[in-house]
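Shown next, in structure tokens, is the structure this report addresses.
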Amino acid sequence: CGRGPGGCRGGRTDMALRCAASLAAGRQPRGPRREGTVRWSSAAKASAVKINEKASREKILTLESMNPQVKAVEYAVRGPIVLKAGEIEKELRKGIKKPFTEVIKANIGDAHAMGQRPITFLRQVVALCTYPNLLDSPSFPEDAKKRARRILQGCGGNSLGSYTASQGINCIREDVACYIERRDGGVPADPDNIYLTTGASDGISAILKILISGGGRSRTGVMIPIPQYPLYSAAISELDAIQVNYYLDEEDCWALNVNELRRALNEAKAYCNPKVLCIINPGNPTGQVQNRKCIEDVIHFAWEEKLFLLADEVYQDNVYSEGCQFHSFKKILYEMGPEYYNNVELASFHSTSKGYMGECGYRGGYMEVINLHPEIKGQLVKLLSVRLCPPVSGQAAMDIVVNPPVPGEESYAQFIKEKESVLNNLAKKAKLTEDMFNKIPGVHCNPLQGAMYAFPRIFIPSKAIEEAEAHKMAPDMFYCMKLLEETGICVVPGSGFGQREGTYHFRMTILPPVEKLKILLEKVKDFHIKFLEKYA
């Protein structure tokens, strides 16, 4: 190994580094452990100083030198309020006393983290795919084994650990197409238009990336609802596109009005080239479910103004209010006739993360893209191939969402019982949340027609607004921070989603178990009343 009396060959380098540190600290360097005084030559000292200079040189990557588009990105759902919640959790674990014993993270739609049980059949199939030896176990039903075998046959080496095609496993894309046809009453779906994605977010970002171009007044404008899910504003910032806001009508249960779309579009034409229209249905954070007439109006508007439509439909299973029904943009587009169906470019998105599944961690999703130019199809596949493929376990989970047990299969009864239990429970919690919020003075909450959030409007007194400004905080951020510090409840301020000037909101998930949700809502009520009294 090259060892000699002085140790390994690296000894001289180590000594020089120790010398550099000693010189930097103003100490006499120490030499090897032997008698006599060590004398350092001027060359050795110069070498040590150079090493020290290299160690302390300026960083290449700083806030000033980093990509300014990344610096401009904001994602409120995991922003400052959530970082503060994490700090408080650490303090609680250290035994630091607070007016509460736990932090309730109601900031994000993470169903399983809030206690929702996984769907048994979905987990069985993914388990079988992950560890195929279980296929011989009598503990698993045959319908789960049948699906697992089919998925594994589509994987290289019959293993979930292999790469797949960039577009996703072929048989799963076929299942997605069949699901869409069933959902939409027979409207045809082509597996070649299906792209499996890393959650819906991956698909949305990819489509935006391929859509955005130009510079100056010809830079692409992307129309998004306000309030919006912050993924959209974050992606737009990262891609240096132009955000074009259109406002949902809070006085009409967050309805989408085409006149408002037209206002936003016409104003934006003065400074950009609006060519993308994003719709979230059911709404996040607002929970509205769009009716058929509204969707028809939006499609006609997109056709008339030559806009590329993005339909975020990840909450399509989460519809609670009587008289409300989910209508896919694809279905309505088809039923409006060939002039629309053969021309309007539409990308629609779904995910394993929401609905009754709540499988956020698998990062499974898909997008269906129709009427794409043939040459652009190739460009999209090329773009997706850069990230090789979506997580294969997520693809398997997505397959069970679109290909669940059917009547006559042995797992059907348990599957449908679990699915209906989750959705019925969410419907009860949606009504409970709406009713309790509307009993609090200075709070108004529209009906939670769908999705899994409340977005109540809160009154904030002028004295509180002044104190928030003194702390250089948005008034609703100030409110939410106080709520967190005094009750342990973590919600997201409405300013992170966008809202009309002079209005204040927060977003709160309805996912906690009913009893915990009741406690949470009572705590919010008590806090809000005290807050009004303090700043009145």
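The values are calculated or read from the model by the stated rules, or taken from the named source; none is laboratory data. Since the structure is predicted, the reported quantities are computational estimates derived from the model, not experimental observations. All Cβ positions, glycine included, derive from the backbone under ideal geometry; neighbour counts span all protein chains shown. Ligands, DNA and RNA are stripped out before the accessible areas are found, and what is left, the full protein with its side chains, is counted by its heavy atoms. Shrake-Rupley method; radii C 1.70, N 1.55, O 1.52, S 1.80 Å.
Would you mind checking which residues have amide H under 5 Å from V244's amide H? H placed 1.01 Å from N; only 5 or more apart, or other chain.
Sorted by chain and number, the residues that satisfy this are V222, M223, I224.
Considering amide H positions built from the backbone, and no H for Pro or chain starts, which residues 5 or more places from V492, or on another chain, come under 5 Å of its amide H?
For V492, whose amide H was placed from the backbone, the distant partners under 5 Å are R507.
Would you work out which of A235, G287, G156 lies farthest towards the positive end of the dipole of segment 120-402? Charges go on Cβ: Lys and Arg +1, Asp and Glu -1.
G156
Suppose every K and R has +1 on its Cβ and every D and E has -1 on its Cβ; what is the size of the dipole of segment 120-402 about the Cα centre, in Debye to the nearest 20? Mind dumping the intermediate values first?
Numbers: 26 positive and 33 negative charges, 168 e Å.
It works out to roughly 800 debye.
For the charge dipole of the chain, defined by +1 on Lys and Arg C-beta atoms and -1 on Asp and Glu C-beta atoms about the Cα centroid, which residue among A106, F459, G323 has the Cα displaced farthest towards the positive pole?
Value computed over the given set: A106.
Per-residue accessible area for L134 at 1.4 Å probe radius, Å² rounded to 10?
Near enough 50 Å² of accessible area.
Per residue of the chain, what 222 nm ellipticity follows from adding -39500 (n - 2.57) for every DSSP H run with n ≥ 4, rounded to the nearest 500?
After summing the helix terms and dividing by the residues of the chain, the value is -13500 deg cm²/dmol.
Roll a 1.4 angstrom probe over the protein heavy atoms and tell me the percent of accessible area of the chain that is carbon or sulfur.
Working: 13180 of 26000 Å².
Heavy-atom surface of the chain belonging to carbon and sulfur, 1.4 Å probe: 51 percent.
Please give the charge dipole size of the chain, origin at the Cα centre, charges +1 on K and R Cβ atoms and -1 on D and E Cβ atoms. Round to the nearest 20 debye.
Using Cβ point charges on Lys, Arg, Asp and Glu, the chain gives about 3400 debye.
Would you please give the residues with an amide H less than 5 Å from that of T198, counting only those at least 5 places away or on a separate chain, with H modeled from the backbone geometry?
G203
Which of C445, S139, V70 sits closest to the plus end of the dipole of the chain, meaning its Cα is farthest towards the positive end, when Lys and Arg get +1 and Asp and Glu get -1 on the C-beta?
After comparing all options, I get V70.
Go through K97/K530; K90/K354; K209/K482 and tell me which ones have a Cα-Cα distance over 32 Å in this structure.
K209/K482
Which percent, nearest 5, of DSSP beta bridges in the chain are antiparallel?
50
Any idea of the accessible area per residue across the chain, 1.4 Å probe, to the nearest Å²?
49
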